[in-house]
Amino acid sequence: MNTTVPEGVALAQELATRKAEIPAGVKLIVAPPFTHLSAVGEALKGSPIALSAQNCADEPKGAFTGEVSAAMLRSVGCRYTILGHSERRQYYGETADKLIKKIRLALAEGLDVIYCVGENLEQRNAGEHFVVVGTQIQDVLFDLTPEEFRRIIVAYEPVWAIGTGVTATAEQAQEIHAFIRHFLADRFGIAEAEATTILYGGSCKPSNAAELFACPDIDGGLIGGAALKADDFLAIAKARG
């Protein structure tokens, strides 16, 4: 929940203007607030940068005041939506059943899904991180068909390393990413798991992006505050390239 619409459009315009700086083979996706989507989508036209929403409703339409449906998102040019973000789970009580409904609605409307998983500090300190992340994957993604799963991007968020003063090392990030890929392979097969994009979402920034992206199972980043400055966001993209 950052930037006004004019600020968000200005940021998108700068990214679009500097599209030549995006390395070949690197995919950039921006996910502004609902209020920004239409205007930001217009600002990105003609660029390779894709548009994503930060969430979507778990119903297709109806008397659900304040909600935004997957069809509405698609109609303003979204190609993706983020679902299961740790803040949605923590502050809005999103459950596995609700997330399954959201994912199926998003996929049915032609949106691919960035599905977030991750453990908090208490769970990490208790050594429960593999169980927590595995459960978040199993309870939602294992309900999908292989065809549906191919349209999922997984994003790992170490909630314990966001705003706590504790920093995740590249080794810790790689360890959980490798676990995620192996866990997915048990359900969908090695080839499907290897083809799955797994993003790291724990305070990725220009100073640590290259080290993180050098890890074999980290395919990119789900960027927070560093995405609010074009220079930083593009620097991270260059680290991936």
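Read-outs: derived from the displayed coordinates by stated rules, not from any lab. Please read all numbers here as calculations on a predicted model, not as lab measurements.
Stick to the Cα atoms of the stretch 1-150, pair each with every other, and give me the Kirkwood hydrodynamic radius in Å at one decimal. Evaluated on the stretch 1-150, it is 16.7 Å.
Coupling constants for the stretch 108-124 follow from the phi torsions by the Karplus curve (6.51 cos²θ - 1.76 cosθ + 1.60, θ = phi - 60°), and in residue order they are 5, 8, x, 8, 7, 10, 9, 9, 9, 9, x, 10, 8, 5, 4, 5, 5 Hz; glycine and proline get x. Here the extension length gained between Ser207 and Asp186 equals 4.1 nm, from 0.36 nm per residue of separation less the Cα-Cα distance. Mind telling me which of Glu87, Glu119, Glu42 comes out most flexible in a GNM of the chain, alpha-carbon contacts under 10 Å? Its mean-square fluctuation being the largest, the pick is Glu87. Solvent-free Debye calculation, one equal scatterer per alpha-carbon of the stretch 18-66: log10 I(q)/I(0) at 0.20, 0.32 Å⁻¹ equals -0.77, -1.22. Straight-line cross-link partners of Lys98 among the lysines, defined as a Cα under 22 Å from its Cα and at least 8 positions apart when in the same chain: Lys61.
For the chain, relative contact order (Cα pairs under 8 Å, six or more residues apart, normalised by length) works out to 16 percent. Here the stretch 87-118 and the stretch 1-45 have alpha carbon centers that stand 23 Å from each other.
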